[in-house]
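Heads up: the structure comes next, in structure tokens.
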Amino acid sequence: MARMKFICDAERCIECNGCVTACKAENNVPWGVNRRRVVTLNDGVQGERSISVACMHCSDAPCMAVCPVDCFYRTPEGVVLHDKDICIGCGYCSYACPFGAPQFPTNGAFGLRGKMDKCTFCAGGPEVNGSEVEFEKYGRNRLSEGKLPACAEMCSTKALLGGDGDVVADIFRTRVLNRGKGSEVWGWGTAYGRPAQGTPGAAPAPAKKS
Amino acid sequence: MVTMVLVGCGEKVQTIPVGSERKADSQPWQNQDKRFVAPGWTPGNEASWNAQMANRAQGQNDYAPRK
């Protein structure tokens, strides 16, 4: 079993927020917490792109690295989870995460944070799988029911893929090939400025004389 | 000795007491509650769970061959 991963296909995402709603409903997410959010670039402009973002379940998770009480752990399937009974609500994980995944409920008085809550890949937490206690603290444990996360299974356009990393990567690769693209759609150069094959590139800026 | 010094100075002991460590998690193929388990695999069986995950992920694949 490879690591469990999400991939969101920005070509297919229509910003319906079905994934957000599915997650909130399935896991009874507290007020003020959005375990999953849809981020849209150039909203309202032709060619806008949306992508669904939640916890990335990082291999080298910064939230885990900074936690002062060591409440995080990674399962053998690569899912990053935490123990709410140990969590002290300091917020360090929220500061450390580049994706804004760890969040805190907003219904506490005087800015009281309470326990951190984040996407669990629908894998629950360190309680008995499928128990009431696990549901109350961490939401549904769909993995233990042989299901994939609610967000991915509910996606109306199958933009959001979730599951075994090898399998979802293969599904996505098939889509990319069917769109007539190849390896040029990935990589640092594509994201940060190297032109795709066959297209004219921007002229490099002239070097300044010292 | 250290504990006595800390108590005497008004400091709390900061070692993690037994029972307060992070709890161990169970394997994802273990499930006591059978009510919501998806059909087609055997709860408690790791290989069956792995196959179920791979099979279920293909439900997201538009290019998978139709039965």
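When you look at the Cβ of every residue in B:31-37, what mean number of other chain Cβ atoms sits within 10 Å?
That average works out to 6.
Can you pick out the pairs among A:Lys84/B:Lys34; A:Lys84/B:Lys12; A:Lys5/B:Lys23; A:Lys147/A:Lys181 whose Cα atoms lie more than 29 Å from each other?
A:Lys147/A:Lys181
Taking the Cβ of A:Arg173 as the centre, find all other residues whose Cβ is under 15 Å away and add up their charges (Lys, Arg: +1; Asp, Glu: -1). List each step's numbers first, then the result.
On the way: positive: A:Lys5, A:Arg12, A:Lys158, A:Arg175, A:Arg179, A:Lys181; negative: A:Asp9, A:Glu11, A:Asp164, A:Asp166, A:Asp170, A:Glu184, B:Asp62.
After counting each charged neighbour, the total is -1.
Relative to the longest principal axis of the C-alpha atoms of chain B, give the angle of the C-alpha long axis of helix B:46-57, reported between 0 and 90° and rounded to the nearest 10°.
60
If the cut-off is 18 Å between C-alpha atoms, which aspartates and glutamates fall inside it for A:Lys24, apart from same-chain ones fewer than 8 positions away?
A:Glu15, A:Asp117, A:Glu132, A:Glu134, A:Glu136, A:Glu153
Could you pull out the longest piece of chain A with no exposed loop chymotrypsin sites (Phe, Trp or Tyr not before Pro) in it, calling a site exposed if DSSP puts it outside H, G, I, E, B and it has at most 14 other Cβ atoms within 10 Å?
The longest uninterrupted stretch comes out as A:32-185.
What length, rounded to one decimal in nm, is gained on full extension from A:Ala2 through to A:Glu48, with 0.36 nm per residue of separation minus their alpha-carbon distance?
13.3 nm
What is the Cα centroid distance between the range B:41-66 and the range A:56-76, reported in whole angstrom?
Going from one Cα centre to the other spans 27 Å.
To the nearest 500 deg cm²/dmol, what mean residue ellipticity at 222 nm is calculated for chain A from DSSP H runs of n ≥ 4 alone, each contributing -39,500 (n - 2.57), summed and divided by the residues?
Details: 7 runs with 51 residues, N = 210.
Result for chain A: -6000 deg cm²/dmol, rounded to the nearest 500.
Under a plain spin-label model, where a point goes 7 Å from the Cα along Cα-to-Cβ, how far apart in nm are A:Glu184 and B:Arg35?
About 5.5 nm, to one decimal.
Average the reciprocal distances over every distinct pair of alpha-carbons in the range A:4-183, invert the result, and give the Kirkwood radius in Å.
Radius from the Kirkwood sum: 17.0 Å.
Beyond 14 Å, what percent of the Cα pairs of chain B remain?
In whole percent, the long-distance tail amounts to 74.
In peptide B:41-50, how many Cβ atoms from other protein chains are near each Cβ within 10 Å, on average?
2
Quick note: the coordinates plus some simple rules give every number you see, no bench work behind them. Owing to the predicted nature of the structure, the values given are computational and were not obtained by experimental measurement. Note that each Cβ is placed from the backbone with ideal geometry, even for glycine, and that neighbours are counted across all protein chains shown.
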